[in-house]
Amino acid sequence: MASVIVNHEAPDFDLVDLETGVITPFSAVTGNGKPSVIMFYATWCNSCIPAVEEFEMWSKHNIPTPYVNFILINVDKHIQNALDFVRAENPKTKKPRVCTEYLDNGDQPTVQHFGVDDIPDGYGVHAVPHKMVLDEKNTIVRNFDDFHWDDIAGLFKHKFEQSNQCTWQPIIKH
């Protein structure tokens with residue numbers, strides 16, 4: 001069983017853009033000077049459905065995406081299944097589970113969506129959904145099967161207040 005890396009630079013691996021098939025190094029996606037929230041998921045995982053929908057909601061309403069990367073990584077080997085999964089309708093919003101294109105209703109993509117063949121040792125992904133947070137220097141600061149979104153929002157809010165880039169309040173749903 002691989003150990004979980006925290007406070008170390010994220011190991012690099014190849015991601016496949018599920019829309020275009022282009023292969024891109026993980027470091028190229030996360031290495032743009034912004035913190036990143038990453039979630040590994042699978043289409044066959046029932047608990048991934050609400051997790052992916054919540055991931056999309058947080059990318060749109062709670063954390064300003066111009067300052068944070070939201071990256072969804074499918075661990076299945078079936079690209080069409082992954083695309084069908086994210087395009088399925090969220091019954092609460094009546095929109096796709098994850099917005100992958102600009103829509104007439106003003107919705108726009110806020111989540112980057114990739115697939116992966118193998119996750120390198122050290123990430124500690126033993127079950128899905130699995131979430132992790134990288135800082136702006138690509139250092140893993142949170143890595144676990146689940147986390148409380150308010151904790152993550154607190155991490156980012158503190159950074160934004162320090163740099164005075166933006167002000168926002170999380171939407172708290174009980």
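The values are calculated or read from the model by the stated rules, or taken from the named source; none is laboratory data. What you see is a predicted model; the values in this text were computed from it and never measured. All Cβ positions, glycine included, derive from the backbone under ideal geometry; neighbour counts span all protein chains shown. Just the protein is used for accessible areas: all its heavy atoms, side chains included, with ligands, DNA and RNA removed. Shrake-Rupley method; radii C 1.70, N 1.55, O 1.52, S 1.80 Å.
Going through segment 26-40 one residue at a time, which ones are of a type in the set (Ser, Thr, Tyr) and touching a strand residue (DSSP E or B) at 6+ places or on another chain (Cβ under 6 Å)? Correct list: Thr30, Ser36. Out of segment 113-133, which residues are assigned to a strand (DSSP E or B) and open to solvent by less than 10 Å² (accessible area, probe 1.4 Å)? Gly115, His130, Lys131, Met132, Val133, listed by residue number. Might you let me know whether segment 102-120 holds any residue that is of a type in the set (A, V, I, L, M, F, W, C) and modelled with pLDDT of 85 or more? The answer is yes; a qualifying residue exists. Read through the list (1) part of a loop (DSSP other than H, G, I, E, B); (2) modelled with pLDDT of 90 or more; (3) surrounded by 14 or more Cβ atoms within 10 Å (Cβ to Cβ), then give the number of the only condition that Phe147 fails. Of (1) part of a loop (DSSP other than H, G, I, E, B); (2) modelled with pLDDT of 90 or more; (3) surrounded by 14 or more Cβ atoms within 10 Å (Cβ to Cβ), only one is false for Phe147: (2). Considering only residues that are among the small types (Gly, Ala, Ser) and in a helix (DSSP H, G or I), look in segment 1-60 and name the one that is most open to solvent (accessible area, probe 1.4 Å). Here the residue is Ala28.
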